[in-house]
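The values are calculated or read from the model by the stated rules, or taken from the named source; none is laboratory data. Just so you know, these numbers come straight off a predicted model, no measurement behind them. Every residue, glycine among them, receives a Cβ derived from its backbone with ideal geometry; neighbour counts consider all protein chains shown. We work out accessible area using only protein heavy atoms, side chains counted, and drop any ligands, DNA or RNA first. Shrake-Rupley method; radii C 1.70, N 1.55, O 1.52, S 1.80 Å.
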Amino acid sequence: MLRRFLACIFFVLIFISISHCGRRGGTLTGGPKDIDPPILIRAEPKNLSTNFKSDKIRLYFDEYIKLQDVQDQLIVSPPLKYLPEITPQGGAQKYVEIKIKDTLAPNTTYTLNFGQSVQDNNEGNPSSFLTYVFSTGAYIDSLEVSGVVKDAFNQKADEFISVLLYEIDSTYNDSTLYKKPPNYITNTLDSTVIFRLKNLKEGKYAIFALKDVAKNNIFDQNADKIAYSTDTISLPSDSIQLPVLTLFKETQDYSASVPSYASGNKIIFGYYGEENEEIEISPLTALPDSVKTRVLKEQDKDSINFWFTPNKIDSILFLVSNAKKKVIDTFNVKRRKVENDSLKLIPNQNGSLVFDQPFFISANTPLIAVDTTKMKMLVKDSLDLPFKVNYDTLANKVDFDFIKEPEELYNLELLPGAITDFFGQTNDTLNYRLNTRSLSDFGTLTLNLKGAVTYPVIAQLIDTNGKLVSEKKAADNSPIVFNYIEPAVYLIRVIQDENDNGKWDTGSFLKRIMPERVSYYPNEIEVRANWEKNETFTIINQ
């Protein structure tokens, strides 16, 4: 019995000891997290092969891998007409197989760049910028070009920018970019704006960058951003100068869109092109004398509204002409059973007024008359306040000019018939209650520009989401003052307005026009209430 008792005690002590040891280190975690990417251990045919004749490549790794967004990440340079077939796409394997479905060019070095698409199966660690290189000739081309991509207007460039290299030979011209894939291509992917084109042969090249929306390696003006260099890339080169490619979206060539019957009294004529396109819209169908029409451009949109009074015409044939571009189109617009637009008045500010911004009321239908005798503005709810009214026919709005004082209350009353539109519709009684805040609620920012500045300039204050808050134009190097600024964190953008038209202008590849230069102040600026801040922005040559 004693022996059995002692044996039981012995096993209990062992169990307690084991249990205690298991708890000493806390919860078991299974070891440190795997942060190592897959390693390429073998390739068939081997990497950097010459006289390549195979139509299949296998890459073997030291662990199970998966493919992530391989169709977007894989870059084949020079591009192939038919994309290779990549497997496995569904499950984990220790290899990647590439089946080439195209005829390879002779004596050419090819590079397959997988980006970050090859990842380990468990943690998703990418084998960053994995490449496989082979040559259909007797040697591997070894020259390279590297550089930087930036955006012409935005502070940060887009992700996944394609960089294209075209050999300048007897077949190359300005239209090649629109029709044929490049001789060499690479991608900035999503982690850097720096690009590197490797395994290039000797020659002279034109270099471009594209935000290639269709991913077809050719330029589509309607969809893609473009960057180009006026310099020829000569390889090999004695001088090493990294090209900076500045991306911009071109203004599309003029074209008229098919018009749409938007309401019972409005047809919208959309178009692509510049802001100042000289477009005329004329009905070819004979309209009764009782039908009145009005043409009005939509503010901040590439469209023109054709307004008309009620009629029973089933369809109208229109002539749309652009005298500047010498383009004429005809459109037959069929009637639709839709409601007429009724008059709506929209103030640009509600509640608290901004001191240095005008107050106006815009309309959704064309305005034709303003009666100031049916308008009244009160201050402190009882005292008449003088004001001026301006009817802007082009912008289709009514401006109200009056003196704004801090910490004040205003009431603008519009009696019926104060505003009349093209269809004879008038407003009901409207009351707009407005107020101003204390000047101590706002901050002031003074900006001094130095360095490589060409005037005039447009200085813009933008929030951290890129929304424009305020802008000032400057003709010389006098300080630029932003008043009545809401306390917040801001960015500063400076546009060098070369043609002095008060806005940023983009570029054109065929016309060899670069976009107007834009510079961002390198740091965020905090504006505080009841505080004056002074900043100096030294702009450097780029």
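Normalised by the number of residues in segment 273-359, the average gap of Cα pairs under 8 Å and 6 or more apart makes the relative contact order 25 percent. The mean sequence distance of close C-alpha pairs (under 8 Å, at least 6 residues apart), as a share of the length of the chain, puts its relative contact order at 8 percent. Across segment 359-371, rounded Karplus estimates of 3J(HN,Hα) from the backbone phi angles (6.51 cos²θ - 1.76 cosθ + 1.60, θ = phi - 60°) give 9, 8, 10, 9, 10, 8, 10, x, 8, 10, 8, 10, 10 Hz, Gly and Pro being marked x. In the assembled protein chains, F359 presents an accessible area of approximately 0 Å² (probe radius 1.4 Å).
For the listed peptides 386-397, 405-416, 281-292, a ranking on the average number of other beta carbons within 10 Å per residue, highest first, reads 405-416, 386-397, 281-292.
For D62, the residues 5 or more places off, or on other chains, whose built amide H falls under 5 Å of its own are I39, I41.
Put the Cα centre of segment 415-439 next to the Cα centre of segment 108-147 and the gap is 65 Å. Extension gain for the segment E486 to D220, taken as residue separation times 0.36 nm less the Cα-Cα distance, is 91.6 nm to one decimal.
Any idea how far the Cα center of segment 316-332 sits from the one of segment 167-206, in Å? If you average the Cα positions of each part, the centres end up 39 Å apart.
In this structure the chain gives 56 Å² per residue of accessible area when probed at 1.4 Å with all protein chains present. Peptides 508-521, 367-380, ordered by how many other C-beta atoms sit within 10 Å of their residues on average, highest first, read 508-521, 367-380.
Model label points for E44 and L235, set 7 angstrom from Cα along the Cα-to-Cβ axis, are 3.2 nm apart. If R0 is taken as 35 Å, the Cβ-Cβ distance between E498 and Q252 corresponds to a FRET efficiency of 0.95.
Which whole-number percent is the relative contact order of segment 441-497 (Cα, under 8 Å, 6+ apart)? Please list the in-between numbers first.
Working: 109 pairs, mean separation 27.5, N = 57.
RCO, segment 441-497: 48 percent.
Summing charges over neighbours of L383, with a neighbour being any other residue whose Cβ is under 14 Å away from its Cβ, gives -3 when K and R count +1 and D and E count -1.
Each stretch of four or more DSSP H residues adds -39500 (n - 2.57); spread over every residue of the chain, this sum gives -1500 deg cm²/dmol at 222 nm. Near the amide H of A452, within less than 5 Å, lie the amide hydrogens of I539, I540, N541, all on another chain or at least 5 residues away, with H placed in the peptide plane. Rounded to the nearest 0.05, the FRET efficiency derived from the C-beta distance between D169 and D428 at R0 = 56 Å is 0.20. The label-point distance for D381 and K156, in a model that sets each label 7 Å from Cα toward Cβ, rounds to 4.9 nm.
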